[in-house]
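The values are calculated or read from the model by the stated rules, or taken from the named source; none is laboratory data. Just so it is clear, the structure is predicted and the values come from calculations on it, not from any experiment. Neighbour counts run over all protein chains shown; Cβ positions are idealised from the backbone, glycine included.
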C-alpha cells in the first residue's frame, strides 16, 4: 500500500529526514511516533506529495508520488495538525466545496458528503457555521474533508492535539471506526496516543528511523510496568484514560 525507500530530505544544509525506509500494508493502523521536530510531519508531507524528497522513493497504491503525483494523491486523505477549514462556511457547504476541488463527479457529491458526515458523526451540525463549532467538532469536520473523495489511506498529523480529554476519547473512537474501511497512519509525540489506537509503531528521532514494530512486541520488550494511584472522580479518570 505504502512503500518508503531510503527517504532523505534536506532543507539547504539542514537535515529533515535521512535514509528512512518502511512499508505499510493495506488495512493497518500505524503510528508515526517521535518528539516534536523528529521529522514526522516532513515524512507525512512527502507521502502526500507536498514536496519531493531530496533522494529516495515513495510509492502509494503502486504509484510513485513524484512520477505519478495525481494518481498517488487520489489514494490519500490528509488531515494536517491544523485542519484546513473555511470557518465562515456551513459544514455541508464546505464539504461540497472540497468535493469539487478533489474532483468528485457532480452527480456523486451529495451522496459522498452524506456518507462522510455520517462517518464523522456531524450530520446534525451540517447547517452550522464551522466557526461556531467546538474544537472537537472542527476536528471531525477536518476528518470528513479528508474522507470526501473516499480514499483508501488516511494520514492524520497529531489528530488530538489541543483537545480536552472527552474530545480526545471521541476522536480516538472515531479513528478506530474509520480504520475498519481505511489504512490509517497517524503521527504523535505522545506514546499513549499511539498505543491507544495503533497496531504498529514507526519510531522516528532526529530525522532517522529508530525501529518499526508492533505495539504488542514493543510492550513485551520493555518488560516494565508502572503503578499510578490517582485520587479523582472515577468518571473523569475514565474519560482521560479513554
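Do you know which residues across the range 34-58 are out of contact with any helix residue (DSSP H, G or I) (no Cβ under 8 Å at 6 or more places or on another chain), buried (at least 17 other Cβ atoms within 10 Å of the Cβ) and touching a residue at least 24 places away in the same chain (Cβ under 8 Å)?
Within the range 34-58, 38, 39, 40, 41, 42, 43, 44, 46, 47, 56 qualify.
Kindly evaluate residue 122 against the criterion of being modelled with pLDDT of 90 or more, within 14 Å of the chain's Cα centre (by Cα) and buried (at least 16 other Cβ atoms within 10 Å of the Cβ).
When the stated conditions are applied, residue 122 does not pass them.
Determine whether residue 91 is buried (at least 22 other Cβ atoms within 10 Å of the Cβ), under 24 Å from residue 182 (Cβ atoms) and in the same structural domain as residue 145 (by TED's automatic domain parsing).
yes
For the range 215-241: of the residues being closer than 17 Å to residue 31 by Cβ and either modelled with pLDDT of 90 or more or surrounded by 13 or more Cβ atoms within 10 Å (Cβ to Cβ) (or both), which is nearest to the chain's Cα centre (by Cα)?
215
Of 9, 5, which residue is surrounded by 21 or more Cβ atoms within 10 Å (Cβ to Cβ), touching a strand residue (DSSP E or B) at 6+ places or on another chain (Cβ under 6 Å) and in contact (Cβ under 8 Å) with a residue 12 or more places away in the chain?
On inspection, the qualifying residue turns out to be 9.
Name the residue that is farthest from residue 216 (Cα to Cα), counting only residues in the range 184-196 that are in contact with a helix residue (DSSP H, G or I) (Cβ under 7 Å, 6 or more places away or on another chain) and outside any strand (DSSP E or B).
196
For the structure I just gave you, tell me whether residue 149 is surrounded by fewer than 19 Cβ atoms within 10 Å (Cβ to Cβ) and outside any strand (DSSP E or B).
When the stated conditions are applied, residue 149 does not pass them.
Which count do you get for residues in the range 158-216 that are under 22 Å from residue 148 (Cα atoms) and touching a strand residue (DSSP E or B) at 6+ places or on another chain (Cβ under 7 Å)?
Total meeting the criteria: 11.
Any residue in the range 165-183 that is in a helix (DSSP H, G or I), more than 30 Å from residue 39 (Cβ to Cβ) and in contact (Cβ under 8 Å) with a residue 12 or more places away in the chain?
Checked the range 165-183: at least one residue is in a helix (DSSP H, G or I), more than 30 Å from residue 39 (Cβ to Cβ) and in contact (Cβ under 8 Å) with a residue 12 or more places away in the chain.
For the range 121-134, does any single residue satisfy the condition of being in contact (Cβ under 8 Å) with a residue 40 or more places away in the chain, closer than 23 Å to residue 45 by Cβ and out of contact with any strand residue (DSSP E or B) (no Cβ under 6 Å at 6 or more places or on another chain)?
Looking through the range 121-134, none of the residues is in contact (Cβ under 8 Å) with a residue 40 or more places away in the chain, closer than 23 Å to residue 45 by Cβ and out of contact with any strand residue (DSSP E or B) (no Cβ under 6 Å at 6 or more places or on another chain).
For residue 103, are the conditions met, namely being in the same structural domain as residue 187 (by TED's automatic domain parsing) and either on the phi > 0 side of the Ramachandran plot or touching a residue at least 60 places away in the same chain (Cβ under 8 Å) (or both)?
Judged against the criteria, residue 103 is not a match.
Among the strands (runs of 3 or more DSSP E) confined wholly to the range 1-40, which include 2 or more residues that are more than 28 Å from residue 196 (Cα to Cα) and under 19 Å from the mean Cα position of the chain (by Cα)?
none
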